[in-house]
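**Student:** I have a structure I would like to understand better, so I am pasting it below and will then ask my questions one at a time.
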Amino acid sequence: MGRCEGAFTCNLGVCSITRAELKGAAEGLELAWHKGYRKVELNLDSSTTINIIKT
């Protein structure tokens, strides 16, 4: 288990839970990439979001 290296917030307006989860995953991975991390663990609790990312 690692430690939190950063966090962010953003206003998505009105959107679905799945869109919010996807946006959070994308922004989090981009933040990690810009910080120089190339191996990260992404934890999601939405099976719908996970299935979208896998396809």
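The values are calculated or read from the model by the stated rules, or taken from the named source; none is laboratory data. If you're wondering where the values come from, they're calculated on a predicted model, not measured in any experiment. We place every Cβ from the backbone using ideal geometry, glycine too, and count neighbours over all the protein chains shown.
Here is a yes/no grid of residues against (1) part of a loop (DSSP other than H, G, I, E, B); (2) surrounded by 13 or more Cβ atoms within 10 Å (Cβ to Cβ); (3) under 14 Å from the mean Cα position of the chain (by Cα); (4) in contact (Cβ under 8 Å) with a residue 24 or more places away in the chain:
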| site | (1), (2), (3), (4) |
| --- | --- |
| Ala7 | yes, no, yes, no |
| Cys10 | yes, no, yes, no |
| Glu21 | no, yes, yes, yes |
| Leu29 | no, yes, yes, no |
| Trp33 | no, no, yes, no |
| Asp45 | yes, no, yes, no |
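**Student:** Val40 - would you say it is surrounded by 10 or more Cβ atoms within 10 Å (Cβ to Cβ) and of a type in the set (A, V, I, L, M)? Lay out the reasoning, then the answer.
**Tutor:** Values: surrounded by 10 or more Cβ atoms within 10 Å (Cβ to Cβ): yes; of a type in the set (A, V, I, L, M): yes.
Yes: the conditions hold for Val40.
**Student:** Would you mind stating whether Cys15 is part of a loop (DSSP other than H, G, I, E, B), surrounded by 10 or more Cβ atoms within 10 Å (Cβ to Cβ) and of a type in the set (A, V, I, L, M, F, W, C)? Don't jump to the end; show me each part of the working.
**Tutor:** Values: part of a loop (DSSP other than H, G, I, E, B): yes; surrounded by 10 or more Cβ atoms within 10 Å (Cβ to Cβ): yes; of a type in the set (A, V, I, L, M, F, W, C): yes.
So Cys15 passes the test.
**Student:** Among the residues of segment 25-55, write down those that are aliphatic (A, V, I, L, M) and either at pLDDT below 90 or within 18 Å of Gly2 (Cβ to Cβ) (or both).
**Tutor:** Within segment 25-55, the first condition is being aliphatic (A, V, I, L, M), and the residues that meet it are 25-26, 29, 31-32, 40, 42, 44, 50, 52-53.
Residues satisfying the conditions are Ala25, Leu29, Leu31, Ala32, Val40, Leu42, Leu44.
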